[in-house]
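Take a look at the structure below.
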Amino acid sequence: MSQESFAQFLSKKIEGRQFIDTGTVSRWERRINTPSFHNQIYILRKLRLNVCIASLLSEPEDEYGHEQAIKLLQNRFNRFSGLADKPYRITFPRFKYTESNDVNSFLNDKILREFNNSVLGVEFLNSNFLHVLLLEVDHVRIIKFYRDGQIVGHTAYATIYTEKLVKFLAQYCKSSIHSHLCSDIDGKILLNFSSYASDFSLYLFYVYHMIKDIELDPKIDWYVGHSFINDDWQIQKKLGAKLMACGKSAEQGGVKIGKSYTDSVMFSTSASTLLSSSLSALKEEDIFQYADIVKLTQ
């Protein structure tokens with residue numbers, strides 16, 4: 001590819017702006033300067049190349065190291081730990097988990113529905129909405145965590161083609177998606193449609209696996225999630241999240257947007273932003289500092 005065609009290739013479909021020009025590509029080739037770590041990730045993923053993020057980490061360990069990732073996640077978890085069962089921290093806990101892609105089983109799980117209603121205090125994330133949406137997904141991962149036979153957390157997310165999600169939200173949610181949420185025709189989104197962690201180790205576990213799923217599929221351009229908690233949303237923004245849609249207006253509490261409140265928000269973060277953050281430095285060993293997590297045999 002010529003420098004011009006390569007620059008156009010990297011910049012196409014991003015709000016109609018030329019973020020990377022021919023001069024920039026020329027300076028990279030002549031080694032006058034180097035793309036930022038974020039842009040290195042972006043370029044590789046636009047080229048649909050699988051890459052081990054750890055192999056690209058050329059920055060000092062204190063900038064992209066495990067300790068920063070743990071601190072970042074601990075800070076975020078503590079901000080909504082009012083939902084958490086803190087007694088699990090008294091001793092080194094042991095959790096077991098199951099993993100499946102059975103969406104109907106997840107949505108129709110009475111125990112899980114009751115668990116969400118009692119712990120989160122909200123209806124089970126509009127299961128009718130999810131039933132329709134999940135007909136379009138490319139892949140689903142559902143993890144349920146147990147301790148002493150009781151469910152104590154879960155995470156459920158799906159990979160869906162960006163074009164399908166945008167059309168679905170426009171049709172069923174009457175939502176005008178933020179113009180920055182675009183990708184190539186075969187681009188994908190990792191959609192988090194339900195998560196709860198009663199313990200920091202469980203939170204680390206599913207963040208680690210979600211990051212790995214993004215890393216392993218270079219077609220995933222975006223991560224889309226939701227929040228009912230203002231503090232959580234404020235930290236999501238610090239991670240580069242952009243607001244996509246708001247829920248119903250709330251007189252008080254909920255998520256603060258400007259001077260008003262809403263009961264929930266939907267947000268998106270680019271895959272490159274997440275993978276260039278300290279979160280990509282997480283390892284399985286970091287999780288097992290806090291708990292013993294064992295997969296149940298089927």
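Residues checked against (1) within 30 Å of Gly149 (Cα to Cα); (2) over 22 Å from the mean Cα position of the chain (by Cα):
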| site | (1), (2) |
| --- | --- |
| Gly247 | no, no |
| Gln252 | no, yes |
| Lys256 | no, no |
| Ser260 | no, yes |
| Ser264 | no, no |
| Ser272 | no, no |
| Leu275 | no, no |
| Ala281 | no, no |
| Ile293 | yes, no |
Q | Which listed residue, of Leu165, Leu169, Leu181, is among the aliphatic types (A, V, I, L, M) and modelled with pLDDT of 75 or more | A | Leu165
Q: Considering each residue of segment 211-262, count those that are farther than 26 Å from Val166 by Cβ, touching a residue at least 40 places away in the same chain (Cβ under 8 Å) and touching a strand residue (DSSP E or B) at 6+ places or on another chain (Cβ under 6 Å), and give that number.
A: 0
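Anything in segment 267-292 that is over 20 Å from Asn39 (Cα atoms) and either among the polar types (S, T, N, Q) or assigned to a loop (DSSP other than H, G, I, E, B) (or both)? List them, or say none.
Selection gives Leu282, Lys283, Phe288, Gln289, Tyr290, Ala291.
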**Q.** Residue satisfying condition, being under 17 Å from Ile211 (Cα atoms), at pLDDT below 85 and either touching a helix residue (DSSP H, G or I) at 6+ places or on another chain (Cβ under 9 Å) or loosely packed, with under 15 Cβ neighbours inside 10 Å (or both), within set Ile41, Ile70, Ile53, Ile20
**A.** Ile53
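Do you know which residues across segment 77-86 are closer than 19 Å to Phe205 by Cα and modelled with pLDDT under 80?
Asn78, Arg79, Phe80, Ser81, Leu83, Ala84, Asp85, Lys86, listed by residue number.
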**Q.** Selection status of Glu215, under 27 Å from Val51 (Cα atoms) and not aliphatic (A, V, I, L, M)
**A.** yes
**Q.** Residue satisfying condition, being assigned to a loop (DSSP other than H, G, I, E, B) and either modelled with pLDDT under 75 or closer than 19 Å to Lys295 by Cβ (or both), within set Val140, Val152, Val122
**A.** Val122
Q. Of all residues in segment 267-298, which are crowded, with 18+ Cβ neighbours inside 10 Å and of a type in the set (Val, Ile, Thr)?
A. Thr269, Thr273, Ile287, Ile293
Q.
Can you go through Asp109, Asp102 and tell me which one is in contact with a strand residue (DSSP E or B) (Cβ under 9 Å, 6 or more places away or on another chain), among the acidic types (Asp, Glu), under 30 Å from Asp221 (Cα atoms) and modelled with pLDDT of 80 or more?
A. Asp102
Q: Among the residues of segment 250-266, write down those that are out of contact with any Phe, Trp or Tyr (no Cβ under 7 Å at 6 or more places or on another chain) and either crowded, with 20+ Cβ neighbours inside 10 Å or assigned to a strand (DSSP E or B) (or both).
A: Lys256, Ile257, Ser260, Tyr261, Thr262, Met266
Q | Considering residues of segment 232-246 that are surrounded by fewer than 17 Cβ atoms within 10 Å (Cβ to Cβ) and not basic (Lys, Arg) only, the residue nearest to Leu169 (Cα to Cα) | A | Leu243
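The values are calculated or read from the model by the stated rules, or taken from the named source; none is laboratory data. Note that this is a predicted model, so its numbers are computed, not measured. Positions of Cβ are generated from backbone atoms using ideal geometry, with glycine treated the same way; all protein chains shown enter the neighbour counts.
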